[in-house]
1. Residues that are at pLDDT 85 or above and surrounded by 10 or more Cβ atoms within 10 Å (Cβ to Cβ): does the stretch 16-24 have at least one?
2. Report yes if some residue within the stretch 33-44 is out of contact with any Pro (no Cβ under 9 Å at 6 or more places or on another chain), of a type outside the set (A, V, I, L, M, F, W, C) and not in a helix (DSSP H, G or I); otherwise report no.
3. Output the number of the condition that residue 31 fails; it satisfies all remaining conditions of (1) touching a helix residue (DSSP H, G or I) at 6+ places or on another chain (Cβ under 8 Å); (2) modelled with pLDDT of 85 or more; (3) among the charged types (D, E, K, R).
Amino acid sequence: MRAPVQPLFPTAFHRLVHGQSDALRLLLDLEAQYASAVADLVAARDRAVGKLQARQAAEMDAAAAQDPRTVHALVHRHMEVRAMPAAQHGGSGRARPG
């Protein structure tokens, strides 16, 4: 009969957490740096989208009294421009609520 195979992950995790290695501290530090960088990127994306939405709202308010074709063209342009922050930041292009 074969001896039961011990799963690799629990053994490696136990050694990492309870061992004398600095590997856990290094992994935790790297994770904190990564989380901070991601938070900065998300905040930058949200600021860019917020500025874009404010500018487009002002443009739409100014165009509301004009010819409907002008408003339609403006809406079309806004939709194209709004896709740019999503492409630049890899997101939906919409600011998160709250």
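1. So far as the stretch 16-24 goes, no, none of its residues is at pLDDT 85 or above and surrounded by 10 or more Cβ atoms within 10 Å (Cβ to Cβ).
2. Of the stretch 33-44, the ones out of contact with any Pro (no Cβ under 9 Å at 6 or more places or on another chain) are 33-44.
Narrowing the set further to residues that are of a type outside the set (A, V, I, L, M, F, W, C) leaves 33-34, 36, 40.
From what's left, not in a helix (DSSP H, G or I): none.
Scanning the stretch 33-44 turns up no residue that is out of contact with any Pro (no Cβ under 9 Å at 6 or more places or on another chain), of a type outside the set (A, V, I, L, M, F, W, C) and not in a helix (DSSP H, G or I).
3. Here residue 31 meets the rest and fails (1).
The values are calculated or read from the model by the stated rules, or taken from the named source; none is laboratory data. Keep in mind that this is a model prediction, so the values were computed, not measured. Positions of Cβ are backbone-derived with ideal geometry, glycine not excepted, and every protein chain shown enters the neighbour counts.
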